[in-house]
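Read the structure below first, then the notes.
The values are calculated or read from the model by the stated rules, or taken from the named source; none is laboratory data. Since the model is a prediction, treat every value here as computed from it, not as a measurement. With ideal geometry, Cβ positions are generated from the backbone for all residues, glycine too; neighbour counts draw on all protein chains shown. Accessible surface areas use protein heavy atoms only, side chains included; no ligands, DNA or RNA. Shrake-Rupley method; radii C 1.70, N 1.55, O 1.52, S 1.80 Å.
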Amino acid sequence: MIPKKNSKQNIDRFLGFQDEYDRYRPEAPVMIIKLLTDYLGTTPSLVADIGCGTGLSTFLWNDAADRVIGIEPNPDMLGKAIDKLSRLEEPQSITFVQGYSNQLPLASDSVDIVTCSQSFHWMDPESTLQEISRVLKKGGVFAAYDCDWPLSLQQNVEERYNQLISKTEELLASLLPNEERAYKWDKEGHLSQIKASGAFSFAREIVFHNLESCDAQRYIGLTLSQGGVQTIMKLDATLLEQDIADYTAAVEQHFKGRTLEVLISYRMRIGIK
């Protein structure tokens with residue numbers, strides 16, 4: 001069994017651009033370790049990172065848990081994560097495996113912390129939450145967290161980002177029938193889904209921020225790593241050529257060759273079993 005609603009399209013959406021995704025997307029901030037271990041009340045013996053992509057949210061736990069398992073259905077993203085792991089010299093507590101969010105390759109009552117970084121909105125929430133509840137120990141913590149897009153920068157740049165994404169969504173709707181389009185659930189519904197599942201004794205939302213260095217190339221790369229943009233570029237790159245050029249010019253005009261500290265805002269929804 002794999003996630004409901006266009007599951008294949010959700011997985012295939014991330015084929016072929018694992019290098020760009022890994023190069024430009026933010027790594028999970030260290031703040032996450034403190035937040036989740038404080039709720040757990042102890043150092044986790046096992047952390048499972050579901051929909052782990054290239055491991056940007058998995059490697060974070062290498063020195064903060066006895067064992068870490070990254071689980072990812074997309075073969076390109078998974079291959080990148082495994083390649084990165086193979087390049088590390090020291091023995092690692094991390095392993096990566098292929099798997100689906102509602103059929104986890106984990107024993108019941110075996111996991112202390114389950115995370116979904118930038119990924120829970122691609123998963124069927126009902127079946128995924130029941131499966132997460134199955135593998136979590138009593139008192140275990142589930143956390144789904146996401147960045148706010150675009151990253152805070154400047155009005156003109158952000159408006160052009162929103163225009164580019166809107167154009168992308170319009171093109172997807174016109175070029176692909178519903179059954180061929182990826183489906184994502186509204187992130188604003190994550191907390192209510194956790195509560196409605198009946199699988200958790202406590203649930204809440206946490207908002208936090210992180211500063212990262214960013215230049216124009218990275219800011220543009222973050223935008224072009226969005227799955228919808230990548231889908232259109234695979235179908236016909238010329239359809240967004242002018243929009244991307246205009247957006248790129250606006251970003252480069254703002255950065256003027258500088259590297260700036262950029263605020264990344266996160267919204268985390270947690271549930272404690």
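In the range 225-273, how many residues are among the polar types (S, T, N, Q) and within 22 Å of the chain's Cα centre (by Cα)?
5
Could you grab me the full set of residues in the range 154-170 that are of a type in the set (Asp, Glu) and without any contact (Cβ under 8 Å) to a residue 24 or more places away in the chain?
GLU158, GLU159, GLU170
Pairs please, first residue from the range 229-251 and farther than 15 Å from ILE165 by Cβ, second anywhere and part of a helix (DSSP H, G or I), Cβ atoms under 7 Å, 6+ apart in sequence or on different chains.
LEU235/LEU175
Residue-by-condition table, conditions (1) at pLDDT 95 or above; (2) over 30 Å from ASP109 (Cβ atoms):
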| position | (1), (2) |
| --- | --- |
| SER197 | yes, no |
| ALA203 | yes, no |
| ILE206 | yes, no |
| ILE220 | yes, yes |
| SER225 | no, yes |
| ASP236 | no, yes |
| GLU252 | yes, yes |
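Quick check on GLU212: is it under 18 Å from the mean Cα position of the chain (by Cα) and either within 12 Å of LEU151 (Cβ to Cβ) or open to solvent by 60 Å² or more (accessible area, probe 1.4 Å) (or both)?
Yes; evaluated as a whole, the condition is true for this residue.
Can you pull out the residues in the range 219-244 that are over 21 Å from ALA182 (Cα atoms) and open to solvent by 40 Å² or more (accessible area, probe 1.4 Å)?
Once the filter is applied, which keeps residues that are over 21 Å from ALA182 (Cα atoms) and open to solvent by 40 Å² or more (accessible area, probe 1.4 Å), the range 219-244 yields THR238, GLU241, GLN242, ASP243.
Among what's in the range 177-207 and is of a type outside the set (D, E, K, R), touching a residue at least 40 places away in the same chain (Cβ under 8 Å) and assigned to a loop (DSSP other than H, G, I, E, B), pick the residue that is surrounded by the fewest Cβ atoms within 10 Å (Cβ to Cβ).
Per the criteria, the residue is SER201.
All but one of (1) over 30 Å from LEU129 (Cα atoms); (2) touching a Leu at 6+ places or on another chain (Cβ under 8 Å); (3) among the small types (Gly, Ala, Ser) hold for SER174; state the number of the condition that does not hold.
So SER174 meets the others, but not (2).
When residues of the range 20-60 are filtered for being within 14 Å of SER93 (Cα to Cα), open to solvent by less than 10 Å² (accessible area, probe 1.4 Å) and free of Cβ contacts under 8 Å to residues at least 40 places away in the same chain, how many remain?
Summing the residues that are within 14 Å of SER93 (Cα to Cα), open to solvent by less than 10 Å² (accessible area, probe 1.4 Å) and free of Cβ contacts under 8 Å to residues at least 40 places away in the same chain in the range 20-60 gives 1.
Mind checking which residues of the range 61-85 are buried (at least 19 other Cβ atoms within 10 Å of the Cβ), assigned to a loop (DSSP other than H, G, I, E, B) and out of contact with any Gly (no Cβ under 8 Å at 6 or more places or on another chain)?
Scanning the range 61-85 gives a single hit, ALA65.
Out of all the residues in the range 86-127, which are under 19 Å from the mean Cα position of the chain (by Cα), hydroxyl-bearing (Ser, Thr, Tyr) and not in a helix (DSSP H, G or I)?
Matches in the range 86-127: THR95, TYR100, SER101, THR115, SER117, SER119.
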